[in-house]
C-alpha cells in the first residue's frame with residue numbers, strides 16, 4: 001500500500017520511458033556480469049577441459065551474454081567470438097575486448113559458417129523459444145569434426161534452486177527443467193544430424209553474500225521476466241524472497257546447491 005507521503009509517478013513521455021527502460025536494462029546487465037555470471041564457471045571449465053580447448057580451438061558462444069565463458073576459453077589460447085541479442089550484455093562483452101555479434105543470422109551470412117571447432121549454448125538453450133532451431137543453427141556453425149556443447153539444468157531433485165525457479169513457472173510458464181527430462185537433449189542432437197559425444201554433470205552452487213544480491217542475480221537471468229509482467233514485480237519479489245528463505249544462512253548469505261548437465265555432440269557431415 002502507498003504511504004501518504006508517496007509521490008505517484010506522473011505520466012512519462014515516450015522518450016522518458018525509453019530512457020528509464022534502458023537504465024533498468026543496463027543495471028540488469030551489470031547485475032548479471034557482477035553477480036550471476038560466475039555461478040556456471042565450473043560448467044564452462046568442465047566442458048573446456050573435456051574437449052581440451054586451447055590454441056587450436058575456435059569457439060563460438062551462442063547467447064554468450066557478457067562473455068565470461070569466452071574469456072575463460074580465450075585464456076586457454078582459443079580464438080573466440082560470441083553472439084548475443086541483448087545490447088546491454090553485448091556492450092559489456094565488447095568492453096572486455098571480445099568480438100560479439102548481434103545474432104546467429106549475421107554469423108551464418110558472414111561467409112564463415114561451419115568454421116568453428118566448438119559451438120556452445122551454455123545459458124541460451126534452456127531459455128530459447130525454439131531449442132530445436134537453436135541446435136540446428138549450432139550444427140550449421142560447427143566445422144566437420146567439431147563439437148557442439150549444450151547445457152541444461154540437471155535433475156530437478158538435485159537442484160535446490162528448483163523452488164525459486166518455480167515462481168517463474170507458476171506465473172510465467174517458464175519450465176527450467178523441461179530439457180532435463182530423459183532423452184530431451186538427445187532428441188535435439190539427433191534431430192540436428194549430430195552424433196552424441198558424451199557429457200557429464202557438474203555441481204554449480206548458486207551462492208550470494210546476501211538476499212539482495214540473490215534477488216538481483218536471479219532477476220538478471222531473465223527467466224522471471226514473464227512472471228513479473230503477469231503478476232507484477234512486487235509479487236514476484238515477495239515470492240522469491242519466500243522461496244530463498246530456506247537457503248538463507250545465519251550470516252545472511254544465500255547458498256543453493258545445483259547440478260547442471262552438459263551434452264557434447266560431434267558434427268560428422
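The values are calculated or read from the model by the stated rules, or taken from the named source; none is laboratory data. Predicted, not measured: the structure shown is a model, and the values here were computed from it. A quick note on method: Cβ atoms are made from the backbone with ideal geometry, for glycine too, and the neighbour counts reach across all protein chains shown.
For beta carbons closer than 6 Å, sequence separation of 6+ or different chains, a first residue in the stretch 151-166 that is in contact (Cβ under 8 Å) with a residue 60 or more places away in the chain and on the phi < 0 side of the Ramachandran plot and a second that is in a loop (DSSP other than H, G, I, E, B) and surrounded by fewer than 16 Cβ atoms within 10 Å (Cβ to Cβ), the qualifying pairs are 160/257.
Residues are listed down the side, and each one gets a yes or a no for (1) out of contact with any helix residue (DSSP H, G or I) (no Cβ under 8 Å at 6 or more places or on another chain); (2) modelled with pLDDT under 95; (3) surrounded by fewer than 19 Cβ atoms within 10 Å (Cβ to Cβ):
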position: 150; (1), (2), (3): no, no, no
position: 155; (1), (2), (3): no, no, yes
position: 165; (1), (2), (3): yes, no, no
position: 182; (1), (2), (3): yes, yes, yes
position: 189; (1), (2), (3): no, no, no
position: 194; (1), (2), (3): no, no, no
position: 203; (1), (2), (3): no, no, yes
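Of the residues that make up the stretch 209-225, is at least one assigned to a strand (DSSP E or B), within 19 Å of the chain's Cα centre (by Cα) and crowded, with 21+ Cβ neighbours inside 10 Å? The answer is no; no qualifying residue exists.
Residue 200 meets the conditions (1) outside any helix (DSSP H, G or I); (2) under 30 Å from residue 141 (Cβ atoms); (3) over 20 Å from the mean Cα position of the chain (by Cα) in every case but one. The failed one is (3). Note on the stretch 113-134: among residues that are assigned to a helix (DSSP H, G or I) and closer than 19 Å to residue 48 by Cα, the one that is modelled with the highest pLDDT is 125. Pairs meeting the criteria (first residue in the stretch 241-262 and in contact (Cβ under 8 Å) with a residue 40 or more places away in the chain and on the phi > 0 side of the Ramachandran plot, second residue surrounded by 15 or more Cβ atoms within 10 Å (Cβ to Cβ) and not in a loop (DSSP other than H, G, I, E, B), beta carbons under 8 Å, at least 6 apart or on different chains) are 252/211. Residue under question is residue 178, and the condition is that it be surrounded by 19 or more Cβ atoms within 10 Å (Cβ to Cβ) and within 16 Å of residue 127 (Cβ to Cβ); does it hold? Spelling it out, it is not the case that residue 178 is surrounded by 19 or more Cβ atoms within 10 Å (Cβ to Cβ) and within 16 Å of residue 127 (Cβ to Cβ). Scanning the stretch 214-240 for residues that are in contact with a strand residue (DSSP E or B) (Cβ under 9 Å, 6 or more places away or on another chain) and within 19 Å of residue 162 (Cβ to Cβ) gives 214, 215, 217, 218.
A quick yes/no check of all residues on (1) modelled with pLDDT of 95 or more; (2) surrounded by fewer than 20 Cβ atoms within 10 Å (Cβ to Cβ); (3) part of a loop (DSSP other than H, G, I, E, B):
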| position | (1), (2), (3) |
| --- | --- |
| 37 | yes, no, no |
| 46 | yes, no, no |
| 52 | yes, yes, yes |
| 55 | yes, yes, yes |
| 71 | yes, yes, no |
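Just one of the numbered conditions (1) at pLDDT below 95; (2) in contact with a helix residue (DSSP H, G or I) (Cβ under 8 Å, 6 or more places away or on another chain) is not true of residue 229: (1). Which residues, taken from the stretch 22-35, are out of contact with any helix residue (DSSP H, G or I) (no Cβ under 6 Å at 6 or more places or on another chain) and either closer than 21 Å to residue 212 by Cα or at pLDDT 95 or above (or both)? Selection gives 23, 24, 27, 30, 34. Using the structure shown, decide if residue 231 is more than 20 Å from residue 126 (Cα to Cα), over 20 Å from the mean Cα position of the chain (by Cα), crowded, with 17+ Cβ neighbours inside 10 Å and in contact (Cβ under 8 Å) with a residue 40 or more places away in the chain. So residue 231 fits the description; yes. Would you say residue 89 is modelled with pLDDT of 95 or more, surrounded by fewer than 21 Cβ atoms within 10 Å (Cβ to Cβ) and assigned to a helix (DSSP H, G or I)? When the stated conditions are applied, residue 89 does not pass them.
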